[in-house]
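Everything below concerns the one structure shown next.
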Amino acid sequence: MKENLEQYTRRRFLGDVTTGLMGVGLSHLLGLESLHGQTNSSSWQPGKSLTHHKPRAKRVLQIFCPGAASQIDLWEHKPLLQEYDGKPLPGEEDFMSFQGKNGTIMGCPWAFEPAGRSGKMISSMLPHLSQHVDDMAFFHAMQSKSNTHGPACIFANTGHPTEGFPSAGAWISYALGNIADDLPTYVAIPDIRGEPPNGKANWSNGFLPAKHQAINMAAHQPIRNIQLPEGIGQPEEQSTRELLHYFNERHAASHPGESDLQARMSAYELAAQMQLSAPEVNDFNSEPRHIHQLYGTDSSNPLKAAYARNCLLSRRLLERGVRYVNLYCASRSSGADGLLNWDAHKTLKSDYERHLPIFDQPTAALLTDLKQRGLMEDTLVLWTTEFGRMPTRQIGTVGRDHNPDGFTLWMMGGGVKGETSYGATDDFGRRAVENPTTIWEFYSTVLHILGLDYEQLSYYHNGLDRRLTDVHGHVIKEVLA
C-alpha cells in the first residue's frame, strides 16, 4: 500500500481529479435531463387526453392545398384588381418576387358573389363551399417565413421552415393520444396525384416519439399487409400475438427510452387490431348512393372521383375515432407549373378551372356530412396552404408568382365563431396590413380550441423545451365562439 502511494505522483493525482470532476459534471447533467423528463411526464402526462382547460373540439380535420392557392382568386375579394387591370402595382412597380420582376396588375378571372347570411364575397368558382361560409372564420392576413414551396409547406405544417420538427398532428397525437384502439391516432391522406412538396416531412413526428408520425393511407392506397396469411387461423394468430407481446415487453423493459422500439411494437400491435378495422373503414360499399352522389365519387373526372373518395375516407376515419386527419388536395409541383397543384405561375385561369371543380364539391360534401352526423360540433376543420399569390401577372404570362406577405387560411367547427374575418391585406391583396398573422398564432388558437395551452405543451429536446409555436404565438380570441 505504501509503495502504491509513493508511485502516485502529483501529475497522476491531478489527472485523476480532473477525470473525476468530469464524471461528476456529466452525472449532474444527465441527472438534470432525467429529472427534467420525469418532471415533464409527471406534470403533463402526454397522451392521456388531459387538457389545460375545457376543450371545444376533440378531433381535427386539416385540408391542405399544396402549391399556394391564390387568396385573391378564392377567398378575399379585391375589386381594385379589376379596376387597375393592366396597370403597374402602385409603389411596387419594380418588385422582384420568387421568379423575378413582376408585370402589371391582373384582375381575377372570375366574378365574386355574396354568400350566406353574412354576404361574404366568395369566388363564383366555389358554389358548393360558399354554402358553408357562415360557419367559417377567415384569417385574411397570414404571412409565411418562406416563399419556397418545400420550406413553406413544412412551416405551415410544423411551425418551422426546416425539416426535423413535429407536425401539428404529431403534437396533438403526443398531447391527447388516441380515441380509438383499433385505428391510428393520426392519418395523412395524400392526393392521388402524389405527395406534397417535401413529402412525408409534412406529417413527421420530428423529435417526438416515433409512434406520433402519421400513418399514410388513402382510398387509392389502402394499408398493405394486414390480411392473415393463408393457412393461419384466428386461434394460432391470437396465440402468436400473445407470445410476441410477452417477448416484446421483456425486450422493451431492458431498453428503456428507446422510442423507435416502442413505436415499432405499438405499430405491430395496432396492425393486428387493424386487420378488422382497416378493411372496414376502406369499404365504401356500405355507403348509400346519395352519399356517393353528394361527394362526387362517381364523377367522370377521375381526379375528382379520387379526391372525393379521400374526402369520404376522411369522414369515415373521423367518425371511427381518428384524432387528426391530414387531407391533401393536389401534390408536389411538376415540370408544367400548375398541372398537379395550385402553383399557377403561367396560366392561372386554365389551371384553376382544372383544380377548383376537383376541390369544391367533395370538400363541401365532407363539411355537410360532418354536420349532418353531429360530428362538426366537436371537430375542428382547418383549410391551409403554404402562402398566397401576387396581385400582378408574372411577366410574359397570365399567372401569378409566390406571395408570402399576405394570404388566407380558414377554420370552422367546434369552438370557432362563424361569419368572422380576422385581418386583411391591402386593397390589392399584396401585403397583410390589418392584424398580420403567422402560423404560430393560427396553431396557438388551434391548440386552445383543443383545450391545450400552447406555452405549456412542450417537449424537451437538445437542451430546449420545444413547442409547436416555437417561442411565438398568441390565441386569436376574435375567432373563438
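So that you can scan it fast, the table gives a plain yes or no per residue for (1) among the hydroxyl-bearing types (S, T, Y); (2) closer than 23 Å to P362 by Cα:
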residue: L129; (1), (2): no, yes
residue: M136; (1), (2): no, yes
residue: F139; (1), (2): no, yes
residue: A152; (1), (2): no, no
residue: F155; (1), (2): no, no
residue: T158; (1), (2): yes, no
residue: A168; (1), (2): no, no
| request: Run L81 past the list (1) in a helix (DSSP H, G or I); (2) more than 28 Å from T397 (Cβ to Cβ); (3) touching a helix residue (DSSP H, G or I) at 6+ places or on another chain (Cβ under 7 Å) and report the number of the one that doesn't hold. | output: (2)
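For the structure I just gave you, tell me whether E455 is over 30 Å from R373 (Cβ atoms), in the same structural domain as S146 (by TED's automatic domain parsing) and part of a helix (DSSP H, G or I). Show your work before the answer.
Details: over 30 Å from R373 (Cβ atoms): yes; in the same structural domain as S146 (by TED's automatic domain parsing): yes; part of a helix (DSSP H, G or I): no.
No; evaluated as a whole, the condition is false for this residue.
For S146, are the conditions met, namely being within 22 Å of S333 (Cα to Cα) and either assigned by TED's automatic domain parsing to the domain that holds T437 or among the hydrophobic types (A, V, I, L, M, F, W, C) (or both)?
yes
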| note | Within region 313-339, the residues that are among the basic types (K, R) and part of a helix (DSSP H, G or I) are R315, R316
| query | Inside region 465-481, can you point out the residues that are crowded, with 16+ Cβ neighbours inside 10 Å, in a loop (DSSP other than H, G, I, E, B) and in contact with a strand residue (DSSP E or B) (Cβ under 7 Å, 6 or more places away or on another chain)? | reply | I476
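Go through region 111-126 and count every residue that is in a loop (DSSP other than H, G, I, E, B) and surrounded by fewer than 16 Cβ atoms within 10 Å (Cβ to Cβ).
Initial filter on region 111-126 (in a loop (DSSP other than H, G, I, E, B)): 111, 116-119, 124-126.
Going one step further and asking which of them are surrounded by fewer than 16 Cβ atoms within 10 Å (Cβ to Cβ), we end up with 111, 117-119, 124.
Going through region 111-126 one residue at a time, the tally reaches 5.
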| remark: Of those in region 369-405 that are of a type in the set (A, V, I, L, M) and either under 20 Å from the mean Cα position of the chain (by Cα) or surrounded by fewer than 24 Cβ atoms within 10 Å (Cβ to Cβ) (or both), the residue farthest from L313 (Cα to Cα) is I395
| field | Residue, modelled with the lowest pLDDT, within region 196-213, restricted to residues that are under 23 Å from L457 (Cβ atoms) and part of a loop (DSSP other than H, G, I, E, B) | value | P209
| Can you tell me which of I192, I179, I172 is buried (at least 24 other Cβ atoms within 10 Å of the Cβ) and of a type in the set (V, I, T)? | I172
| note | The condition of being touching a Pro at 6+ places or on another chain (Cβ under 6 Å) and among the aromatic types (F, W, Y) holds, among F442, F428, only for F428
| remark: Given (1) modelled with pLDDT under 90; (2) surrounded by 14 or more Cβ atoms within 10 Å (Cβ to Cβ); (3) within 30 Å of I358 (Cβ to Cβ), R241 misses just (3)
| field | Check on K101, part of a loop (DSSP other than H, G, I, E, B), more than 30 Å from T158 (Cβ to Cβ) and assigned by TED's automatic domain parsing to the domain that holds R354 | value | no
| request: Determine if region 214-235 includes at least one residue that is under 30 Å from N462 (Cβ atoms), modelled with pLDDT of 95 or more and of a type outside the set (D, E). | output: yes
| field | Boolean, Q62 is among the polar types (S, T, N, Q), more than 30 Å from the chain's Cα centre (by Cα) and not in a loop (DSSP other than H, G, I, E, B) | value | no
| field | Close pairs from region 399-411: first farther than 13 Å from V433 by Cα and assigned by TED's automatic domain parsing to the domain that holds D427, partner basic (K, R) and part of a strand (DSSP E or B), Cβ under 8 Å, at least 6 apart | value | G399/R393; R400/R389; R400/R393; D401/R389; H402/R389; N403/R389
| Taking region 281-319 as the region of interest, how many residues are of a type outside the set (S, T, Y), surrounded by fewer than 17 Cβ atoms within 10 Å (Cβ to Cβ), modelled with pLDDT under 95 and within 26 Å of T185 (Cβ to Cβ)? | 2
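The values are calculated or read from the model by the stated rules, or taken from the named source; none is laboratory data. Note that the coordinates shown come from a computational prediction; the quantities given were computed from them, not determined experimentally. Every residue, glycine as well, gets a Cβ built from its backbone with ideal geometry; the counts of neighbours run over all protein chains shown.
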